[in-house]
Amino acid sequence: MRRGLGRGGLLLLVAVAAACGPFRFFRPTAVNVPPPPQVTVDDDDHAAWAESEPYAVVVRKSCRTLDLYRYGQRVRSYPAVFGLNGSGKKIFEGDLRTPSGLYAIVDKRYHPRWQRFLLLDYPNTDDVARWGTAMEAGDVPRRGDGHVGPGGAIGIHGTDKPGLNERGVDWTFGCISIGNREVEDLASLVPVGTLVLIED
């Protein structure tokens, strides 16, 4: 164990690792590690909120994954990359952030650059409200005669930059990018109307 990482720090490390799934992170098993406090946490392999959904997608920006669930059970997990501007909620068009919230796939189509494009219904009402608050606070840039809007055309797609995806480099303008084989697989499974939960 690394010096300077106290008992509380180790528990936090274990909690963060557990949230991203056991198959991606090492979990300490030493007998001197105290058990974590009893907290009800939704296991990555099971999404209780999606038990009635034929398919649901959960994007975890902190874990850099896109997981596919069938009736609440995880059936696929793909590495994902996001908007160039890193973490934080998307506020306006051109901020280069990937939104967070609950969305639905509203269109699926072939894309000559990214193989497949699964369009999300961004912005939702929460996104518009966040944009309005930011605009009133002067945090939204102006363009021409008015402010830049909340944006749109956010989706899940493949990549024309496979090397960046493989290295986990964020390069999109706000979309979620997975590998081309993975997006073909995902597109073949999920119908229009599938819920997509994007978590920070």
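No value in this document is a laboratory result; all are computed from the given coordinates. Please read all numbers here as calculations on a predicted model, not as lab measurements. With ideal geometry, Cβ positions are generated from the backbone for all residues, glycine too; neighbour counts draw on all protein chains shown.
Other residues within the sphere of radius under 13 Å centred on the Cβ of Ser188, judged by their own Cβ, net out at +1 (K and R +1, D and E -1). Taking the inverse of the mean reciprocal distance over all distinct Cα pairs, the Kirkwood hydrodynamic radius of the stretch 39-170 comes to 16.4 Å. Identify all lysines with a Cα-Cα distance to Lys89 below 18 Å; exclude those on the same chain that are fewer than 8 residues away in sequence. Cross-link targets: Lys61. Working ranking of peptides 184-196, 87-99 by packing, defined as the average number of other Cβ atoms within 10 Å per residue, highest first, is 87-99, 184-196. Computed about its Cα centre, the charge dipole of the stretch 42-199 is approximately 500 debye, with only Lys, Arg, Asp and Glu carrying charge at their Cβ.
Normalising the average separation of contacting C-alpha pairs (under 8 angstrom, six or more residues apart) by the number of residues puts the relative contact order of the stretch 42-199 at 30 percent.
Derived scalar couplings between HN and Hα for the stretch 122-139 equal 7, x, 8, 5, 5, 5, 5, 5, 4, 4, x, 4, 5, 5, 4, 7, x, 9 Hz in order, rounded to whole Hz, by the Karplus curve 6.51 cos²θ - 1.76 cosθ + 1.60 (θ = phi - 60°), x for Gly and Pro.
Short-range pairs are left out: with C-alpha atoms under 8 Å and at least six residues apart, the relative contact order of the stretch 110-191 is 36 percent.
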